[in-house]
1. Is there a quick way to get the dipole size of the chain? I mean about its Cα centre, with the Cβ of Lys and Arg at +1 and of Asp and Glu at -1; what is the value in debye to the nearest 20?
2. Pop out the ³J(HN,Hα) list for the stretch 67-81 in order, Karplus 6.51 cos²θ - 1.76 cosθ + 1.60 with θ = phi - 60°, rounded to Hz; leave Gly and Pro as x.
3. Return the sequence-ordered ³J(HN,Hα) values of the stretch 208-217 in whole Hz as given by the Karplus equation 6.51 cos²θ - 1.76 cosθ + 1.60 applied to θ = phi - 60°, using x for Gly and Pro.
4. May I ask you to derive the relative contact order of the stretch 157-209, considering only C-alpha pairs under 8 Å and at least 6 residues apart, and to give it as an integer percent?
5. Using the number of other C-beta atoms within 10 angstrom as an exposure proxy, rank ASP205, ASP22 with the fewest first.
6. When only Cα pairs under 8 Å and 6 or more residues apart are kept, what is the percent relative contact order across the stretch 4-214?
7. Short version: ³J(HN,Hα) in whole Hz for each residue of the stretch 51-64, in order, from phi by Karplus 6.51 cos²θ - 1.76 cosθ + 1.60 (θ = phi - 60°), x for Gly and Pro, what are they?
8. Taking only pairs that are 8 or more places apart or on different chains, how many Lys pairs in the chain have Cα atoms under 18 angstrom apart?
Amino acid sequence: MKPLIAPSMLSADFLRLGEEVDMINNSEADWFHLDIMDGVFVPNISFGIPVVKAISILAVKPLDVHLMIVQPERYINAFRDAGADILTIHYEASTHLHRSLQAIRQAGMKAGIVLNPHTPVNVLESIVENADLILIMSVNPGFGGQEFIRQSLNKISDLKEMIIQRGLDTLIEVDGGVNRHNAKELIVAGADVLVAGNAIFKSADPIEEIRQLKSIF
């Protein structure tokens, strides 16, 4: 099965944002991946609701919004209204995770859980059924261009086994240091969705780079 490709707009050229959105629209990519950082949960600030809304006006593919913020439950409806189709929140940031996932689904979006590199997948034992996807961070969140953490492959494999054993169709997404050189390993381990930022937007031919990632299998 071919992986879903979700270019990370954090690596896009924001002086040419409309052109970058059009490029993704016209590529083989499946989703737009949007990283929202608050400077508190992670040591960086990215962009917020107005930028998500602007992208949603031009985008013809689903918006996969990753909240790297404290108290993400406060903004569920705001991101829904801005155009999010998928909303992922961190296990480490949500005190009442089950309630938050329910609220995301009730708002009409797909609900996802994100795990930081240090968080083991066994914390999902009692909650995985309530998520449409699980995002494994393969770098420490907050900055693009970091080196892939290879231990993430074991986490993906363990998570895939958990999902299969329970007969679920939960997707596994991977974000951080993803490129065509490690994509096959990630897919073999069990990844369904590959988030790539610099690998796509810093390449000489982003559309071809997406095509290469899409055709790994």
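Nothing in this text is a laboratory measurement; each read-out follows from the coordinates by a stated rule. None of the values given here were measured: they were computed from a predicted structure. Note that each Cβ is placed from the backbone with ideal geometry, even for glycine, and that neighbours are counted across all protein chains shown.
1. Details: 18 positive and 27 negative charges, 35 e Å.
I would put it at about 160 debye.
2. 8, 9, 9, 7, 6, x, 4, 5, 10, 4, 5, 5, 6, 4, 5
3. Rounded to whole hertz, the list is 5, 4, 4, 4, 5, 5, 5, 9, 4, 10.
4. Details: 43 pairs, mean separation 18.2, N = 53.
Answer for the stretch 157-209 is 34 percent.
5. Values: ASP205 10, ASP22 14.
Result, fewest neighbours first: ASP205, ASP22.
6. Numbers: 418 pairs, mean separation 44.4, N = 211.
The value is 21 percent.
7. Rounded to whole hertz, the list is 5, 4, 4, 5, 5, 5, 5, 9, 5, 10, 10, x, 9, 9.
8. 12
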